[in-house]
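S.K.: Structure provided below as structure tokens; questions to follow.
The values are calculated or read from the model by the stated rules, or taken from the named source; none is laboratory data. As the structure is a computational prediction, the values presented were derived from the model and not from experiment. Counting neighbours? That spans all protein chains shown, and the Cβs are built from the backbone with ideal geometry, glycine included. For the accessible areas, the whole protein counts, side chains as well, though only heavy atoms, and no ligand, DNA or RNA atoms are used. Shrake-Rupley method; radii C 1.70, N 1.55, O 1.52, S 1.80 Å.
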Amino acid sequence: SDSVILDESNPSLKYVKELFGVTLESLNNALCTCTITVANEVVKKNLSLEKVEKAMEALMKATYGALFDYIVRRVNSSIEVGGETGSEYDQTQLHLTQDVAFIKILDIFGFESFETNSFEQLCINYCNEALQQQFNKFIFKLEQQEYERENIAWS
């Protein structure tokens, strides 16, 4: 099988190397080869284009996952007050018992009140709302087309 290497002329490669703090050689080794050690013998095998693409996809997924986790930690720590993330709430008096930051999330079903509302929950709700909006647009477009086919007036 032909050996696959990263395209040095790709302008994005410079930024990838810089952000990961790696050399072109180490990135090529990580993405384009497989190293197998049996007993005391080390065999380095070149990967096919398909496997290199899968390795790059895995690296991108891991990178986005790590970036998302980092952002979540940063946002959650920025809303902490005194080590709490909004969980000190006096239910009987319906007011805050101390100065704490919290996130209340309003979605199509109203406010959700969790013991601790974090950035993760905000992201989950945002995605759910976006999906619901896409679903609604799709359904209403289908209904609109049905009305037009049946010559039913709509506004």
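S.K.: With point charges of +1 on the Cβ of Lys and Arg and -1 on the Cβ of Asp and Glu, referenced to the Cα centre of segment 35-77, which listed residue (64, 75, 46) lies farthest in the positive direction of the dipole?
M.R.: Final value for the positive-end residue is 75.
S.K.: By accessible area of protein heavy atoms, probe 1.4 Å, what ranking do 42, 72 get, highest first?
M.R.: 42, 72
S.K.: Okay, next question. May I ask you to list the lysines whose Cα is less than 23 Å away from that of residue 61, ignoring any residue fewer than eight positions away on the same chain?
M.R.: By straight Cα distance, residue 61 reaches 14, 17, 51.
S.K.: While we're on this one: With r as the distance between the Cβ atoms of residue 130 and residue 15 and R0 = 35 Å, compute the FRET efficiency 1/(1 + (r/R0)^6) and round to 0.05.
M.R.: So, using R0 = 35 Å, E works out to roughly 0.80.
S.K.: Another one. Along the Cα-to-Cβ line of residue 67, 7 Å from the Cα, sits a label point; which residues in segment 1-44 have backbone N less than 16 Å from it?
M.R.: Answer for this model: 12-21.
S.K.: Show me the GluC sites (Glu not before Pro) within segment 1-31 that DSSP assigns to loop and that have at most 10 other Cβ atoms within 10 Å of their Cβ. Before the final figure, lay out the partial values.
M.R.: Values: sites: 8, 18, 25; in loops: 8.
Counting only loop positions with at most 10 other Cβ atoms within 10 Å, the GluC sites (Glu not before Pro) in segment 1-31 are 8.
S.K.: Test of understanding: what is the full-extension gain from residue 42 to residue 78, defined as 0.36 nm times their sequence separation minus their Cα-Cα distance?
M.R.: Gain in length upon complete extension: 8.2 nm.
S.K.: Then there's this: Rounded, prolate or oblate: which fits segment 1-74 when a ≥ b ≥ c are the square roots of the eigenvalues of the alpha-carbon gyration tensor, with rounded for a/c under 1.5 and prolate only if a/b beats b/c?
M.R.: Cα axes put segment 1-74 in the prolate bin.
S.K.: Spin-label point model (7 Å from Cα, Cβ direction): what's the residue 54 to residue 5 distance in nm?
M.R.: 2.4
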